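Okay, so here's the structure we're looking at.
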């Protein structure tokens, strides 16, 4: 165990922990934001630079400060390390700069973007961004393409976090998409359209921090904050089968993996669960999903769903499929 | 006659062939090292010589070698960085084209010191004709028994390969170079781990510039102490300077470190003064990425001392009034040069060459280029100048690799020293509409003229 101090708060963490994860163990405001780092994806992180922190004291052995701001997601803690995050004006200034950089080529089309409401970039910009842009130049744009059967790539929105390439590398047996070009014209793409065809490719949508990769079956169906997320599971022989159903009335609009409070998935799901089971009767409903994130999606009062009525509704659907008469007409699920 | 260690035999006809090179004392360092010295003794000599990396950062080469993880059970590699792409720098090309065996010899000696059994020369793709020159030289060295199994009858064996890049400036950054050499996309890696611990194929690796490796030859031949006597203070040895721009004699010069900058620019032995009898306006002393300095600051430091061609003297005054020796790309501008246009050219280069991996560099370089394009073409605003300074400040130090810094420093320094010129471009858009505006009517700054007087 090593002792580190982050913004004046001391904590003991296991050796080999990154600064970001040490801060996450403290929780609250001292946690640096992260756009490209993803706990369950090896080698991710270090690219977006929003998690930069200042190390004022490298370790007990070497008390010198680190010469530059470091990416907290990829820097391991050392015993006696002193780190400044929100207490350092330099860090906040640099972070503001990075947020501005991320936004200059972003289309800011949140009003028509499916990710709006659960978008990491939106949240980041809300917390750290400046309200006015200083960028007068033309923004880079790309054509929208289908990189897979059910995945729409809207490259204009991409912040090049490389997470989806790590998903393809680490969850699927063959990566067929990657980064083409370089600099601000580099793009995520496939050599052949609709080439992404793997049972776990849908997870690329879940790890995407912005609206660059969206679920073709959910596009423009509903604003995410109008849906009611429910925890549900089914017996799946390919994956854990634990999902969140985004429902509206008795319709399942979208199925996604469960995200924690840092918007990270720990248990990935297969494409069969994601795309092929869009009926409430396919699932065992556990209850409303508690979304522990500071995002628009958590502002809804969906947790007041009446479980009893929900169960009745599911039974009604099952009976309907069995050809029985409907016992009662469709009704709202909320109390 | 100034001392020449690298380019001593450059004018000998057919020096690119093995026989001629051998006749002029070539491969003596290999014989000396392999037959009479232990690998550690060679490293010790390089340490003693005080040789500093010639690729730009100026990190002591011996120290870099001593960081190599020798306890690891993995193979060790030496990689020569011949991906010379910095605008204004062309010394390695000259060296490899004219005297390829010097690099091969240095590679063998250095590989022996580091215990590398396989070494690579990573060369930029644009130097395809030099790849052929090097490959011919390597073939000759194999035939003469200086490469391959049991070199000169000793137990030491070495294979040397030339690997061309595909045309990316970023692959000159050592970790991006290693990625590219492994066959991947040339994105810089996050450090640590440093290449000395986990470099090529995750094995301990040393990456050195062409000139650094070539300098090892004379260090081993003459001894580290002897080499350290050349030069001045901590800047030991000789350095190849690629002189270009508005001078009478552009070209590659080998100078002894410690030469006064004034002498380098104006003496007939080197640059031969400013062309067409014009006045000196500014100098970029070490390749496009180092801060630009106006005439009065390049000739004398802010303290009024004479500025010398050493790592320390050029860096005197920090980035406020100093610059860096960098890779030795010495670009001289006369009074008709437009600093804004020149800076825009540099920015365009960095925008084009940014790998796009981390956000500040990917977005910031493009932003700076677009703003500079506007200012240069007479569409700028006064607040754009401060915007540029701010964007540069936010890129600098916040990126994965030094390309971000390299893109930010020229912008910050040009505005620091030549702000009037940027303001002139904003104020008189009709005057700067012609791309050759300063050749027609040079811009005069009273402040700089007073400083130069």
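The values are calculated or read from the model by the stated rules, or taken from the named source; none is laboratory data. Quantities reported herein were computed from a predicted structural model and do not represent experimental measurements. Every residue, glycine among them, receives a Cβ derived from its backbone with ideal geometry; neighbour counts consider all protein chains shown.
Residues of the range A:226-239 that are surrounded by fewer than 16 Cβ atoms within 10 Å (Cβ to Cβ) and either at pLDDT below 90 or more than 12 Å from residue A:283 (Cβ to Cβ) (or both): A:226, A:237, A:238.
Residue under question is residue B:166, and the condition is that it be within 20 Å of the chain's Cα centre (by Cα) and buried (at least 23 other Cβ atoms within 10 Å of the Cβ); does it hold?
Numbers: within 20 Å of the chain's Cα centre (by Cα): yes; buried (at least 23 other Cβ atoms within 10 Å of the Cβ): no.
Criteria not met by residue B:166.
The number of residues in the range B:316-348 being in contact with a strand residue (DSSP E or B) (Cβ under 6 Å, 6 or more places away or on another chain), surrounded by 23 or more Cβ atoms within 10 Å (Cβ to Cβ) and not in a strand (DSSP E or B) comes to 2. Here residue B:408 meets each of (1) at pLDDT below 95; (2) out of contact with any strand residue (DSSP E or B) (no Cβ under 7 Å at 6 or more places or on another chain) with one exception, condition (1).
Being more than 26 Å from residue B:138 (Cα to Cα) and either surrounded by fewer than 18 Cβ atoms within 10 Å (Cβ to Cβ) or in the same structural domain as residue B:251 (by TED's automatic domain parsing) (or both) is the requirement here; does residue B:75 meet it?
Working: more than 26 Å from residue B:138 (Cα to Cα): no; either surrounded by fewer than 18 Cβ atoms within 10 Å (Cβ to Cβ) or in the same structural domain as residue B:251 (by TED's automatic domain parsing) (or both): yes.
Here the answer is no, as residue B:75 does not meet what is asked.
Kindly evaluate residue B:400 against the criterion of being under 20 Å from residue A:140 (Cβ atoms) and facing chain A (nearest Cβ under 9 Å). Against the criterion (under 20 Å from residue A:140 (Cβ atoms) and facing chain A (nearest Cβ under 9 Å)), residue B:400 does not qualify. Of all the residues in the range B:424-447, those that are surrounded by 15 or more Cβ atoms within 10 Å (Cβ to Cβ) and under 32 Å from the mean Cα position of the chain (by Cα) number 6. When the test is whether a residue is farther than 26 Å from residue A:240 by Cβ, modelled with pLDDT of 90 or more and assigned by TED's automatic domain parsing to the domain that holds residue A:236, residue A:171 does not pass it. If you check residue A:196 against the conditions, is it surrounded by 19 or more Cβ atoms within 10 Å (Cβ to Cβ), more than 14 Å from chain B (Cβ to nearest Cβ) and closer than 29 Å to residue A:296 by Cα? It is false that residue A:196 is surrounded by 19 or more Cβ atoms within 10 Å (Cβ to Cβ), more than 14 Å from chain B (Cβ to nearest Cβ) and closer than 29 Å to residue A:296 by Cα. Of the helices (runs of 4 or more DSSP H) that lie entirely inside the range A:79-177, those containing 3 or more residues that are within 14 Å of chain B (Cβ to nearest Cβ) and touching a strand residue (DSSP E or B) at 6+ places or on another chain (Cβ under 7 Å) span A:89-104. Residue B:202: under 13 Å from residue B:81 (Cα atoms), out of contact with any strand residue (DSSP E or B) (no Cβ under 8 Å at 6 or more places or on another chain), in contact (Cβ under 8 Å) with a residue 60 or more places away in the chain and in the same structural domain as residue B:29 (by TED's automatic domain parsing), yes or no? Judged against the criteria, residue B:202 is not a match.
Collect the residues in the range A:116-133 that are surrounded by 15 or more Cβ atoms within 10 Å (Cβ to Cβ) and under 22 Å from residue B:358 (Cβ atoms), keeping them in residue-number order. Don't jump to the end; show me each part of the working.
First, pick out the residues of the range A:116-133 that are surrounded by 15 or more Cβ atoms within 10 Å (Cβ to Cβ): A:116-125, A:128-129.
Within the range A:116-133, A:119, A:120, A:121, A:122, A:123, A:124, A:125, A:128, A:129 meet the criteria.
The set of residues in the range B:403-423 being away from chain A (no Cβ under 14 Å), crowded, with 19+ Cβ neighbours inside 10 Å and without any contact (Cβ under 8 Å) to a residue 60 or more places away in the chain consists of B:415 alone.
Kindly indicate which of B:87, B:60 is closer than 13 Å to residue B:212 by Cβ, under 21 Å from the mean Cα position of the chain (by Cα) and surrounded by fewer than 24 Cβ atoms within 10 Å (Cβ to Cβ). It would help to see each step written out before you state the result.
On the way: B:87 fails: closer than 13 Å to residue B:212 by Cβ.
After ruling out the rest, the residue left standing is B:60.
Among the residues of the range A:66-78, count how many are assigned to a loop (DSSP other than H, G, I, E, B) and farther than 28 Å from residue A:133 by Cβ. Residues flagged as assigned to a loop (DSSP other than H, G, I, E, B) and farther than 28 Å from residue A:133 by Cβ within the range A:66-78 amount to 6.
Residue A:221 - would you say it is assigned to a loop (DSSP other than H, G, I, E, B) and either assigned by TED's automatic domain parsing to the domain that holds residue A:41 or farther than 25 Å from residue A:117 by Cα (or both)? Break it down into steps so the answer makes sense when it comes.
Values: assigned to a loop (DSSP other than H, G, I, E, B): yes; either assigned by TED's automatic domain parsing to the domain that holds residue A:41 or farther than 25 Å from residue A:117 by Cα (or both): no.
Taking the combined requirement at face value, the residue does not satisfy it.
Within the range B:1-24, if we keep just the residues that are loosely packed, with under 15 Cβ neighbours inside 10 Å and touching a residue at least 60 places away in the same chain (Cβ under 8 Å), the residue that is nearest to residue B:102 (Cα to Cα) turns out to be B:3.
For the range B:186-201, give me the residue count where each residue is in a loop (DSSP other than H, G, I, E, B) and crowded, with 16+ Cβ neighbours inside 10 Å.
Quick first cut of the range B:186-201, residues in a loop (DSSP other than H, G, I, E, B) only: B:186-199.
Then keep just the ones that are crowded, with 16+ Cβ neighbours inside 10 Å; that gives B:186-190, B:194-199.
Result for the range B:186-201: 11.
Answer yes or no: is there a residue in the range A:200-207 that is within 14 Å of another protein chain (Cβ to nearest Cβ), closer than 24 Å to residue A:108 by Cα, touching a residue at least 40 places away in the same chain (Cβ under 8 Å) and buried (at least 21 other Cβ atoms within 10 Å of the Cβ). Even if it seems obvious, please write down each step before you answer.
First pass over the range A:200-207, keeping only residues within 14 Å of another protein chain (Cβ to nearest Cβ): none.
No - not one qualifying residue is present in the range A:200-207.
A count restricted to the range A:37-71 and to residues that are closer than 18 Å to residue B:404 by Cβ and more than 9 Å from chain B (Cβ to nearest Cβ) stands at 5.
Applying the selection to the range B:340-397, what residues are facing chain A (nearest Cβ under 7 Å), at pLDDT 95 or above and out of contact with any helix residue (DSSP H, G or I) (no Cβ under 7 Å at 6 or more places or on another chain)? Scanning the range B:340-397 gives a single hit, B:370.
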